[in-house]
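Read the figures in this text as sums done on the coordinates, not as results from a lab. Note that this is a predicted model, so its numbers are computed, not measured. All Cβ positions, glycine included, derive from the backbone under ideal geometry; neighbour counts span all protein chains shown.
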Amino acid sequence: MIAALDLGLKLNIARCFAGLDCRIAVIGAGSSAEDIRALRPDGLFLSNGPGDPDAVSGAIAVVAELARELPTFGICLGHQILALALGAKTYKMKFGHHGGNQPVIDLASKTVEITSQNHGFAVDGDSLPGDLRVTHMNLNDNTVEGIEHRHLPVFSVQYHPEASPGPHDAAPQFRRFLELIAGPGGGGGDVYDQLPALKDGALGS
């Protein structure tokens, strides 16, 4: 079961998880880490939502704590909150990204996805701590479109893989999340056990 932190969650996100035979429990943005732990989830999902991520300080603190324990996947605002929780910074864009035709490159595979986006803030790539790396970039303006932790099953994307109607190029991100949960370190397993320093200190050190 996935605990989905509702920062403005869209119904189609639930449909995407259901389509992969995955149950989700939608929890309020003001939920505490203890509230989420009580559900005994296999992973933590951070939804899309509006506005300035720095204003959601409570959620940032909760994510900073739980990303040490659970596989975590964020999109849109959830991506920005995850970055802040891991020690990076965000900034307000001059115009933002709006529309269903934003080209994004996967830096590992060199494939280009056409994505749906609607946001006015972005993650500052120069602020990423050593344990984070950029995974996706916007081909129009070279802004950060995805990050991942180098050691933990934790990642996020700026765009909307749940977009309906389309484009659907990014839909496999949901399956990637479930594969991380099922793989080594999923559900708080071996990867977390092998990194005791991360349990007591900042993830983005």
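Quick notes on this structure:
- Kirkwood estimate for the stretch 3-62, i.e. one over the average of 1/r between Cα atoms, Å: 12.1
- By the count of other C-beta atoms within 10 Å, a proxy for reagent exposure, Met137, Met1 are ordered fewest to most as Met1, Met137.
- What the pair-distance distribution of the stretch 50-90 shows, using all Cα-Cα distances binned every 5 Å from zero, is 6, 28, 39, 21, 6, 1 percent.
- Per-residue ellipticity at 222 nm, computed for the chain from helices alone with -39500 (n - 2.57) per DSSP H run of at least four residues, works out to -6500 deg cm²/dmol.
- With Rh defined as the Kirkwood radius, the inverse of the mean 1/r over Cα pairs, the Rg/Rh of the chain is 0.93.
- The stretch 1-89: trypsin sites (Lys or Arg not before Pro) in DSSP loop, at most 16 other beta carbons within 10 Å: Arg23, Lys89
- Relative contact order, whole percent, for the stretch 2-200 stands at 20, derived from Cα pairs under 8 Å and 6 or more residues apart.
- 3J(HN,Hα) along the stretch 168-173, derived from phi through the Karplus expression 6.51 cos²θ - 1.76 cosθ + 1.60 where θ = phi - 60°, amounts to 10, 4, 8, 3, x, 4 Hz, with x in place of Gly and Pro.
- For Ser32, residues with placed amide H under 5 Å, excluding near neighbours: none
- Simple point charges give the picture: +1 on the Cβ of Lys and Arg, -1 on the Cβ of Asp and Glu, and for the chain a dipole about the Cα centre of about 220 debye.
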